[in-house]
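See structure below.
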Amino acid sequence: MKYPITLLFSLLLIVACQAQDQRPFSGIDYPMEVQYAELDNGQTVAFHESGAADETLILIHGLGSYMPAWKMNIDSFSESYRVIALDLPGYGKSTKSADDYTLPFFAESVTLLMDKLDIEQSAIAGHSMGGQIALYLAATYPDRVTQLILSAPAGFEQFTDQDQMAFQATVSPAGIAATPETMIRQNAAATFYSFPAEAEFMIEDRISMTAEPGFNDYAEAQAESIFAMLKTPVWDMMPEIEQSTLVVFGAQDALIPNRYLHPGLSVEDVARQGTERLPNATLKLVDNAGHFVHLEKSGEFNDAVLEFLNQN
């Protein structure tokens with residue numbers, strides 16, 4: 001039986017639209033254009049690209065986060081750099097089918113995305129967990145990383161075996177998935193010194209994610225990511241990282257250091273100790289800013305990053 005060409009075209013269009021709808025977290029709207037790359041490790045990574053400069057800056061989000069967390073920074077950076085913001089595998093609109101979420105896996109995924117986009121070298125900016133991934137990336141693939149920007153990075157705070165047992169006793173995919181809306185809002189507020197209206201989208205998106213297909217896989221990726229950071233500390237690697245590095249902390253960060261496990265440490269203690277481990281690092285403490293310093297004080301953060309990149 002033969003079908004009219006118009007009918008065949010319509011069927012193909014429906015199939016194409018259904019394929020788009022099946023992409024991870026397709027019900028979450030991003031405030032930027034999203035593209036997709038099929039990586040050689042089997043993952044499909046969502047990313048945003050802007051700017052047309054020769055030099056590249058890659059932005060890696062933190063635990064439980066996604067590329068829109070950089071929305072207050074991308075436009076400023078893309079005036080001078082080709083900017084790539086990605087959703088790590090397991091997060092946002094990227095696939096959530098990895099066997100294990102580890103720091104080596106995340107770092108490899110970034111390099112594979114660079115390969116797909118014909119990026120030989122790049123400056124790397126990472127927030128929180130993304131900062132620890134950036135440090136691991138610089139130590140493991142030094143020829144791929146030109147400079148580092150670390151926004152409230154994980155990896156500066158050290159954890160004992162007893163600390164790790166405390167995390168294992170309290171963190172689980174089921175617990176993350178079952179987080180009620182009131183706690184989602186409290187957790188988000190704790191990541192800022194003074195919660196800005198510009199950050200409300202993160203709460204709304206996190207609530208909406210619970211109804212998305214693949215949400216339980218996201219919760220599992222988030223739990224595994226916590227254990228990945230504990231299992232692969234970068235403290236001993238840091239003295240070998242020679243790239244020029246800018247470290248930025250919000251002076252009122254309520255997440256680093258961990259207030260329950262390390263009540264005697266201050267933000268400045270952790271920030272300075274970590275910065276001093278890096279041979280070519282500069283520390284900037286931003287007052288009246290919390291863990292999401294790059295969003296809460298985006299103007300000051302953007303200026304500091306661009307000045308650093310232009311001078312190094």
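Sorting the segments 61-69, 172-180, 83-91 by their residues' average number of neighbouring beta-carbon atoms within 10 angstrom, most packed first, yields 83-91, 61-69, 172-180. If you bin the C-alpha pair distances of the stretch 118-227 every 10 Å from 0, what whole percents do you get? Percent of pairs per bin, in order: 12, 31, 36, 19, 1. Along the charge dipole of the chain, pointing to its positive end and built from +1/-1 on Cβ of Lys, Arg, Asp and Glu, which listed residue (135, 168, 262) has its Cα farthest out? So the residue we want is 168. Highest mean first, the peptides 97-106, 283-292 sorted by other C-beta atoms within 10 Å per residue fall in the order 283-292, 97-106.
What the Kirkwood sum gives for the stretch 226-312 is a hydrodynamic radius of 14.0 Å, with every pair of different alpha carbons counted.
Packing, as the average of other Cβ atoms within 10 Å across residues, places the peptides 125-133, 272-280 in the order 125-133, 272-280, highest first. Principal semi-axes of the equivalent ellipsoid, √(5λ) from the alpha carbon gyration tensor of the stretch 158-312, are 28, 22, 15 Å from largest down. Give me the log10 of I(q) over I(0) for the stretch 90-133 at q = 0.27 Å⁻¹, as the Debye formula computes it from C-alpha points; what are the numbers? Treating every Cα as an identical point scatterer, log10 I(q)/I(0) equals -1.20. Answer rounded, prolate or oblate for the stretch 25-108, using the Cα gyration tensor with square roots of eigenvalues a ≥ b ≥ c: rounded when a/c is under 1.5, else prolate when a/b is larger than b/c, else oblate. Because a/c hits 1.5 or more and a/b exceeds b/c, the stretch 25-108 counts as prolate. Using Cβ point charges alone (K and R +1, D and E -1), the dipole size of the stretch 61-167 about the Cα centre works out to roughly 320 debye.
If you add up the charges near residue 30, with Lys and Arg at +1 and Asp and Glu at -1, over every other residue whose beta carbon is less than 10 angstrom from its beta carbon, what do you get? Local charge sum for residue 30: -2. If R0 is 51 Å, the Cβ-Cβ spacing of residue 311 and residue 40 corresponds to a FRET efficiency of close to 0.90. Here the scattering of the stretch 45-311 is modelled by Debye summation over its C-alpha atoms, one equal scatterer each and no solvent; at q = 0.07, 0.09, 0.17 Å⁻¹ the log10 of I(q)/I(0) is -0.21, -0.36, -1.52.
Counting other Cβ atoms within 10 Å as a rough exposure proxy, the listed residues 235, 70 run 235, 70 from fewest neighbours to most. Between the residues 90, 122, 107, the greatest Cα displacement towards the positive end of the dipole of the stretch 84-138, with unit charges on the Cβ of Lys, Arg, Asp and Glu, is found for 90. Of the DSSP H helices in the chain, those with a Cα length along their own long axis of 18 Å or more and a mean Kyte-Doolittle hydropathy reaching 1.6 comprise 5-21. Computed over neighbours whose Cβ is under 9 Å from that of residue 257, the net charge equals -2, Lys and Arg +1, Asp and Glu -1.
Placing +1 on each Lys and Arg Cβ and -1 on each Asp and Glu Cβ, with no other charges, gives the chain a dipole about its Cα centre of roughly 500 debye. Dividing the summed helix terms, -39500 (n - 2.57) for each DSSP H run of n ≥ 4, by the number of residues in the chain produces a 222 nm estimate of -12500 deg cm²/dmol to the nearest 500.
Values in this text are rule-based calculations from the coordinates and carry no lab data. The model shown is predicted, which means the values in this text are computed figures rather than measured ones. FYI the Cβ positions are ideal-geometry reconstructions off the backbone, even for glycines, and counts take in every protein chain you see.
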